[in-house]
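Where a number appears in this text, it was derived from the coordinates with a stated rule and is not lab data. The structure presented is a predicted model; accordingly, all values stated were derived computationally and were not measured. Glycine also receives a Cβ, built like all others from the backbone with ideal geometry; neighbour counts cover every protein chain displayed.
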Amino acid sequence: MLIKLQNFLLLAAAALALFSASTSAMGQDDDSYAPAFEVGSGESDWWTAYPSQHENASRSAKHPAWVLDELKDKPLLILIHSSNCVPCLVQTPRIKSSADRFAESISYEDVLAEGSGFKKALEILNVYDPDGGMKYIPTTIFITLARGPKGEVEVAWHSKADILSQKEIDSYLEDAIYYHKKNKNAWG
C-alpha cells in the first residue's frame, strides 16, 4: 500500500512539473517569458511588413479575411506541403507534432499543395512567401499579433520555406502564443 501511494505521489509530482514547464514554455501568463524572436524586418524576426529580403520590403501585407478571423481567438500555424517532396516528408511530422502539443493555444491549417488544395496554397504563398516571387514547399507560416514599429498592435508573421528544426518550430509557436496573449485585447 505504501509503495502504491509513493508511486502515485511520484506520478502526480511529475505530471505537475511537466504541466508547469509546458505552461511556462508557452508563455502562458508569464511575465518572465522572453520571446526568442523580436518584431523587425530581419530574416528571423516577426514581420509586420514585408521583410528586408522580400521583393516588397517594408510594404504592408494584405492578410486574407480568414486569417484575421482566426486571429481573434488564437495565433495561427500554416503548413503548405506536398505528399511527394522529400523536405515536406521531414517537415510535416515535425509541424504536426508541434500542432498537437500546442493545440489548445493555436489554430492549425494544413494545406496540401496538390489537387484541390493547390489554389489555396498559391493564394497563401502570394501573401506569406518569405522572399516573394518564388513559391517553395514546404513553407511554414506562423501568424500572431504584435506591436509594430509605431507601437500599434498589428498582424505579425514569420514564414520559412524548407525544413525547420523542432526547436525553431516550438520557439516560434511559443512566441506566437506569448505575443497573441499580450496583444489580443488591444487589437482592432
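Here r is the Cβ-Cβ distance between S116 and R147 and R0 is 35 Å; the resulting FRET efficiency, rounded to 0.05, is 0.40. Residue by residue, the stretch 173-188 carries 3J(HN,Hα) couplings of 5, 4, 4, 4, 5, 4, 4, 4, 4, 6, 10, 4, 5, 9, 8, x Hz when phi is fed to the Karplus relation 6.51 cos²θ - 1.76 cosθ + 1.60 (θ = phi - 60°); x denotes Gly or Pro. Across the stretch 144-154, coupling constants 3J(HN,Hα) worked out from phi with the 6.51/-1.76/1.60 Karplus curve, θ = phi - 60°, read 8, 10, 8, 7, x, x, 9, x, 8, 6, 9 Hz, and Gly and Pro carry x. Compared with the alpha-carbon gap, the fully stretched path from S52 to A34 is longer by 4.1 nm at 0.36 nm per residue. With an a/c value of 1.5 or above and a/b not larger than b/c for the gyration tensor axes a ≥ b ≥ c computed over the alpha-carbon atoms, the stretch 43-95 is described as oblate.
Look at where the Cα atoms of the stretch 121-152 and of the stretch 38-104 average out, and the two centres are 6 Å apart.
Here is the P(r) of the stretch 44-188: all C-alpha pair distances, binned every 10 Å from 0, give 12, 44, 37, 7, 0 in whole percents.
Per residue, the average separation of C-alpha pairs within less than 8 Å and at least 6 apart gives the stretch 37-130 a relative contact order of 22 percent.
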